Amino acid sequence: MLTVVFIVWCYVRDAVGSILGWTTNGNRMIGFSNGVRRLSIKIGQTKPSKMSFGGLHCKARCEIYPRTKDVKRFKVPDDKVRWNVPFPEYSPTTFTTETVLSGPYYADPDICSGKGEITKWNEIDGKVSRVSFEGKYEVVDGLPLNPVGRTGLKHRGCLGRWGPNHAADPIVTRWKRTDDDEIVKGEDGKPVMEFVSIQRRDNGEWAIPGGMVEPGSLVSATIKQEFGEEAMNSLEMSEEEKKEMHDKIEDFLSHGDKVYEGYVDDPRNTDNAWMETTAYHFHDDDGTKVGQFNLHAGDDAMAVQWMVCNSSINLYASHTSFLQQAAKRIDASW
Ligand code: BGC
């Protein structure tokens, strides 16, 4: 009898959950209201997101590990990336930076040296989401395995968390216009889109002004904060200027569409730690809103600009593919 009641409860819970947007594995869902529809992230999912990565990572196999001169990855050919393909000679380099090992606020304990323990893989662990948008990842010998495959390097590199490290990315776009306010068309006859791009201080590459989602924070809040800090230099503003900036971006950065959530082909990834992001697209169709933004690089960004988007742009990690999704969404030239 109890079993029957339980089965009926599961059906009811799943049916109601799918209408209201709950996940069905008992985890919480967090989000915010944008006045039109609910923008949300599922932090408790164990099924892959419909937007998840799919392909093979390339940047996550770069020869020299970022921010080092000589930490070399073990070479992984394309056909040996997947864990289910045997690769008996695979001998990844072990590497975690001294900074991460020293235990800064954003880092997990060094579970390999017996300092602390993590038991809640694929779950919400206190305020930290150890859930991947790629679905349930394997944990082998106590360490989470990169869901895309081998990277040639094990342990955490410069990433703080074992398993997924969650980020959020605001894609802010407008149409490219002439001095006479005409929308410029690309070779394919479609309107040309520009986006707010920052130049990363760590490697000089151009990127979306995103950042890490702090434990317990919302993607929506991270998006506004990172845009403010990196593209408007809010960290160096007076309280009054901050308020003015907040009034300008608050509404605009609350009306976006999610264009990606999943694994990022990031050069910092390792076999046991990797980047995932949620990217939202905010488009200023008539050019009246983002024009008011006073762009100034700050924090981790050393420059900021409106960059024209098309298939030839070369951005950090897999950011170009997020832009492609955004272009598709508004039928922009690509
Ligand atoms: C960046 C994000 C990026 C993520 C994954 C974060 O450090 O701020 O823009 O999407 O890493 O590469």
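The values are calculated or read from the model by the stated rules, or taken from the named source; none is laboratory data. Since we're looking at a predicted model, the values are computed, not measured. All Cβ positions, even for glycine, are placed from backbone atoms using ideal geometry, and neighbour counts span all protein chains on display. Only protein heavy atoms, including side chains, enter the accessible area calculation; ligands, DNA and RNA are left aside. Shrake-Rupley method; radii C 1.70, N 1.55, O 1.52, S 1.80 Å.
The figures follow:
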read-out	value
Mean separation of Cα contacts under 8 Å (6+ apart) over length of region 217-330, as relative contact order %	31
Spin-label model distance (nm) - T119 vs Q325, 7 Å beyond Cα toward Cβ	3.5
The chain, accessible surface, carbon-and-sulfur percent (1.4 angstrom probe)	51
Relative contact order of the chain, defined on C-alpha pairs under 8 angstrom at six or more residues apart (%)	21
For K136, solvent-accessible area (1.4 Å; no DNA, RNA or ligand), Å²	150
Rounded accessible area per residue of the chain, 1.4 Å, Å²	50
R0 of 30 Å, Cβ-Cβ distance D247-V308: FRET efficiency to nearest 0.05	0.55
All lysines inside 16 Å of K72 as judged from Cα atoms, apart from same-chain residues fewer than 8 positions distant	K59, K154
Whichever aspartates and glutamates have a C-alpha closer than 16 Å to that of K47, once near sequence neighbours (fewer than 8 apart) are set aside	D14, E123, E134, E138, E261, E276
For region 162-204 and region 80-129, distance of Cα centres in Å	33
Antiparallel content of DSSP bridges confined to the chain, in %, to 5	65
Neighbour net charge for T288 - beta-carbon separation under 14 angstrom, K R +1, D E -1	-1
Rough spin-label spacing in nm, given labels placed 7 Å along Cα→Cβ, for D202 and E63	2.2
Helix 239-252 axis, angle to the chain major axis (alpha carbon atoms, nearest 10°)	80
Geometric extent, Cα atoms of region 59-216 - Rg, Dmax (angstrom)	19.9, 65
For region 154-214, fraction of C-alpha pairs farther apart than 14 Å, in %	71
Charged-residue dipole, Cβ positions (Lys, Arg, Asp, Glu), region 179-266 about Cα centre, Debye nearest 20	300
Calculated [θ] (222 nm, deg cm²/dmol) that DSSP helices of n ≥ 4 give over the chain, each run adding -39,500 (n - 2.57)	-5000 deg cm²/dmol
Distance between modelled label sites at D181 and N84, nm, 7 Å Cα→Cβ extension	5.7
Rg followed by Dmax, in Å, when the chain is reduced to its Cα trace	21.1, 74
